[in-house]
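Have a look at the structure below, then the notes.
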Amino acid sequence: MAFTTPVWRSWVDIDEADRVMRLLRFGLLLLMACQSFIVLAEDFEIPQLSVRLLDGIYSMDADIDYRFSEQALEALHNGVPLTLEVHVQLRRAGAWVWEKDLFELRLRYQFRYHALAELYQVIDLQSGTEQDFVTRSAALSALGKIRGVSLIEQEQLEPEQSYALSVQTALDIEALPLPLRPLAYLTPAWSLSSETKTWYLRP
């Protein structure tokens, strides 16, 4: 006995296949748009990192290039403070994941704009020190200069052992005003961070 497929079922199958293809095309276009958006987003960079020994104590200097997205700068100019966190870690070179850090520190800074005074402000949240600047470029230059951060005493390190100092910085989305956080988490323009910069030292 021969069986035939009802005409109405074939039309349903065609409609379903067409719907799936349209969804796939839409998803592909959306993915391409997101990738293009991510490429255009600004980011942070640590072009310079160094360690020096003075009076038996190792200290760190770093230069950070903060390139904020247009969305972040617009929020800044509308009174939203931007908080940056610099994560510093010192570990034995090649250390296992479960090994403890020899030194760890999270440096926090805040970048503000005061519209009435037309001044940019950089605040060191560790010391509470505030610096005011007329131009944004001057403020960003000061924000990115980290000098003389004490790390560890030389006698705490083993001779002939290599150690890795890693530094990474990022915009702290959790420090943004609560209504802005959901959008910031979902928008690539707010996902601002640097790659990890590493400096190797040997006592």
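The values are calculated or read from the model by the stated rules, or taken from the named source; none is laboratory data. Note that this is a predicted model, so its numbers are computed, not measured. Virtual Cβ from ideal backbone geometry, glycine too; neighbours counted across all protein chains shown.
Annotations for the structure displayed:
- Matching entry among ALA138, ALA170 (being modelled with pLDDT of 95 or more, part of a helix (DSSP H, G or I) and closer than 20 Å to THR83 by Cβ): ALA138
- Entry remark, region 95-129: residues being of a type in the set (Phe, Trp, Tyr) and in contact with an Asp or Glu (Cβ under 8 Å, 6 or more places away or on another chain) number 2 in total.
- Pairs, first closer than 17 Å to ALA75 by Cα in region 120-143, second of a type in the set (Gly, Ala, Ser) and not in a strand (DSSP E or B), C-beta under 7 Å, six or more apart: TYR120/ALA139; VAL122/ALA139; VAL122/ALA142
- Any hit, region 94-101, residues being β-branched (Val, Ile, Thr) and either at pLDDT 95 or above or touching a Lys or Arg at 6+ places or on another chain (Cβ under 6 Å) (or both): no
- Number of positions in region 21-51 that are at pLDDT 50 or above, surrounded by 11 or more Cβ atoms within 10 Å (Cβ to Cβ) and out of contact with any Ser or Thr (no Cβ under 6 Å at 6 or more places or on another chain): 6
- Checked against the criterion of being touching a residue at least 40 places away in the same chain (Cβ under 8 Å) and in a strand (DSSP E or B), the candidates ARG106, ARG147, ARG112 yield just one match: ARG147.
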